[in-house]
Each structure stands twice: as C-alpha cells, then as structure tokens.
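The structure under discussion appears below in the form of structure tokens.
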Ligand code: SAM
C-alpha cells in the first residue's frame, strides 16, 4: 500500500487493469513514487492551482500531484484502458480529480479549468514537442497557463534551454526563451521508466513571463525562426530568401549582418527581424 493515498502500488494497478504499455501510444510509465513526487514538486506550489495533466496513463504522476496538494487535476488521457484506474484515484481524492478520455492535440481543456493553471505532462516526445510549441505561440500573451513542467527526451530538453552559438540552439530555444524562463529541473536515466526507452529523459520547467522579453508577432516570429533554422548552416540572406525577395534590406533594417547564421542570432535579434517583417 502507498502510505499517502491508500491506493495499491502502480504495478498492481497495471496488472489489475491490463495496462501493458503500448508503443503506439508512447507508453513508458513512471512507477517510482519518489520520482513522481519530485516531478510534482518541480511544478511549483500546487495548493492554489488547477493542474492540467496530459497523458496520465495509470496515474503515477497524477497521484503525486494530488498528494503534493494540487487544488484540482484535470487529466486528459487518450488510452481508454486507463480510465478505470484513474477513476479509482478520483474516488480516493473526492472532488479533486477529473479524468477524461481525449486526444490532447484536439481537445480544448480550458472550460474544465480555473486559473491559476499549471500544466504537467509526461507525454510521448513527439506529442510533447508539438504541444509545447502551441502553448508557447498563442497570439495573445499571457496564456491560460502559469507554468509548464514537461518530460522530454534529454536532447530535446537541452534544446529548449540552449544558448546562442551552440549546436542545440534552435527554434525551441528561441520560442521558449522569448516568453518564458526555462530550466531543466530533473534528469532521468532510461531505467526510470517501465518499459525503459532507448534514450535518457529530462523534465523541463517553464515559468511564463508576464510579458514577452521583446515585442514580436508570434506567427511572424515562428515563421522567421523556422526558416532560419531549417537551413542553419547557410547565411541568413540565403536561408531566409524564401520569406522576402529583398531579404538583405530587411536584415540590415533590423541591424543584422546578412552573412550571419541562424545560431549566431540572439532572441532579441530574431524578434527585431520579426518586427521588421511585420512592418513590411
Ligand atoms: N504520465 C504517465 C506516467 O508518467 O507514468 C504515463 C506516461 S506515458 C510516457 C504517455 C501517456 O500519454 C500514455 O498514457 C499515453 O496513452 C498518453 N498519450 C499519448 N498520446 C496522447 C495524446 N495525444 N493525448 C493524451 N494522452 C496521450
């Protein structure tokens, strides 16, 4: 028995509900309650917050979020097999967990949540990256969430916090560092998961800034950054040619040398370029 919530150990839950991990759903479960508690704590103070948890699976992290005091957890899970296990957790924490079956890529969870909202997820890596970019690039800022605490393949985590001039610096770093304060909160070896994936993982914690570090339109900035890093070895005057025929004029107007390469540009310079494009 787990001391905190009186629920059975996760291995037993998995056995009882037939939750053998499915590769197609990117299922690598966290069964160590010490580890799930550390991730829940990395999300920040939870008492006054609603939590959106994406991909709860058998509910290890869900249980930790509740035990760490989350006001309310909305858990969105694509695999219907997990719902009975999640219902058991909801019964142990009356009124504090709502579990729904759904695809995080298509569902809009905001109706079920009351601010302040923190998002926590251990998701398949491809889904996690797509959601991260969406959460970082809404047209208006601040967004509906206060913080993101997300598990990634370690290499992707390093990209989110990377600095200019490094190999890891790219689209994710610029978009994340433009509007949030991002840091790696925890590094995990493959053996932390059941089954163990091939690669190491890391939890990234991103606190939203009240306002972006530099003004820019999210759509224009995303486009500029994607084009620049798509051909990261080329000079900007070549990699960005597709965006405007007179690209050198735009670059010079933003005070950027057209012979520089994408990885040499700071977030401030990318924003200056996006503003220059938006102004025509
Ligand atoms: N959070 C659990 C844990 O830490 O043990 C499970 C982690 S497992 C890596 C990813 C979970 O996300 C699985 O339960 C999977 O079914 C679910 N999932 C995959 N794609 C999803 C999607 N598009 N929307 C919601 N859940 C998804």
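Once both labels are modelled 7 Å past Cα along the beta-carbon direction, what's the residue 223-residue 235 spacing in nm?
2.4
Based on DSSP, what percent of beta bridges with both residues in the stretch 115-209 are antiparallel, to the nearest 5?
Working: 15 of 19 bridges.
The antiparallel fraction comes to roughly 80 percent.
If you bin every alpha carbon distance in the chain into 10 Å steps from zero, what whole percent lands in each bin?
Reading the bins upward from 0: 7, 28, 31, 19, 11, 4, 1.
Kirkwood hydrodynamic radius of the stretch 218-279 from all distinct Cα pairs, in Å?
Numbers: mean 1/r = 0.0909 Å⁻¹.
It is 11.0 Å.
Among DSSP bridges having both ends in the chain, what percentage is antiparallel? Round to the nearest 5.
Details: 18 of 37 bridges.
Given both bridge residues lie in the chain, the antiparallel proportion sits at roughly 50 percent.
Once R0 is set to 41 Å, what does the formula 1/(1 + (r/R0)^6) return for the Cβ-Cβ distance between residue 105 and residue 252, expressed as a FRET efficiency to the nearest 0.05? Mind dumping the intermediate values first?
On the way: r = 40 Å, r/R0 = 0.97.
Calculated value: 0.55.
State the Cα centre-to-centre distance between the stretch 89-146 and the stretch 1-45 in whole Å.
With the stretch 89-146 and the stretch 1-45 each reduced to a Cα centre, they are spaced 18 Å.
Can you show me the helix-derived [θ] at 222 nm for the chain, built from DSSP H runs with n ≥ 4 at -39,500 (n - 2.57) apiece and divided by the number of residues, rounded to the nearest 500. Write out the running numbers ahead of the final one.
Working: 11 runs with 100 residues, N = 280.
Rounded to the nearest 500, it is -10000 deg cm²/dmol.
Starting from 0.36 nm per residue, how many nanometres of slack lie between residue 141 and residue 23 once their C-alpha separation is accounted for?
Numbers: separation 118, 0.36 × 118 = 42.48 nm, distance 3.58 nm.
Length gained, residue 141 through residue 23: 38.9 nm.
Return the Rg/Rh value of the stretch 170-280, two decimal places, where both radii are evaluated on C-alpha atoms and Rh is the Kirkwood radius.
Values: Rg = 16.9 Å, Rh = 15.4 Å.
Result for the stretch 170-280 is an Rg/Rh of 1.10.
Once you sort the root eigenvalues of the Cα gyration tensor of the stretch 121-215 as a ≥ b ≥ c, which label holds: rounded (a/c under 1.5), prolate (a/b larger than b/c) or oblate (the other case)? Numbers along the way, then the final one.
On the way: a/c = 2.26, a/b = 1.62, b/c = 1.39.
It is prolate, given that a/c is not under 1.5 and a/b is the larger ratio.
In nm, give the distance between the simple-model label positions of residue 31 and residue 134, each being 7 Å from the Cα along the Cα-to-Cβ direction.
It is 3.1 nm.
What FRET efficiency would be calculated for the residue pair residue 11, residue 91, taking the C-beta separation as r and a Förster radius of 30 Å, to the nearest 0.05?
0.90
Order by neighbour count: 137, 36, fewest other Cβ atoms within 10 Å first, most last.
Details: 137 16, 36 22.
Going from sparsest to densest Cβ surroundings: 137, 36.
When only C-alpha pairs under 8 Å and at least 6 residues apart count, what is the relative contact order of the chain, in percent? Write down the numbers at each step before the final one.
On the way: 524 pairs, mean separation 41.5, N = 280.
Relative contact order comes out at 15 percent.
Residues of the stretch 144-158 with amide nitrogen under 19 Å from the 7 Å Cα-to-Cβ point of residue 198?
152-158
Using packing as a proxy for protection, rank 72-78, 17-23, 158-164 so that the peptide with the highest average count of other Cβ atoms within 10 Å comes first. All intermediate terms of the calculation are to be shown ahead of the outcome.
On the way: 72-78: 23.6, 17-23: 13.0, 158-164: 19.0.
Highest to lowest by the protection proxy: 72-78, 158-164, 17-23.
Could you estimate the translational diffusion coefficient of the stretch 1-115 from the Stokes-Einstein equation, with Rh from the Kirkwood formula over C-alpha pairs, at 20 °C and 1.002 mPa s, in whole µm²/s? List each step's numbers first, then the result.
Numbers: Rh = 14.2 Å.
The calculation lands on 151 µm²/s.
Where a number appears in this text, it was derived from the coordinates with a stated rule and is not lab data. Quick caveat: nothing in here was measured; it's all calculated off a predicted structure. A quick note on method: Cβ atoms are made from the backbone with ideal geometry, for glycine too, and the neighbour counts reach across all protein chains shown.
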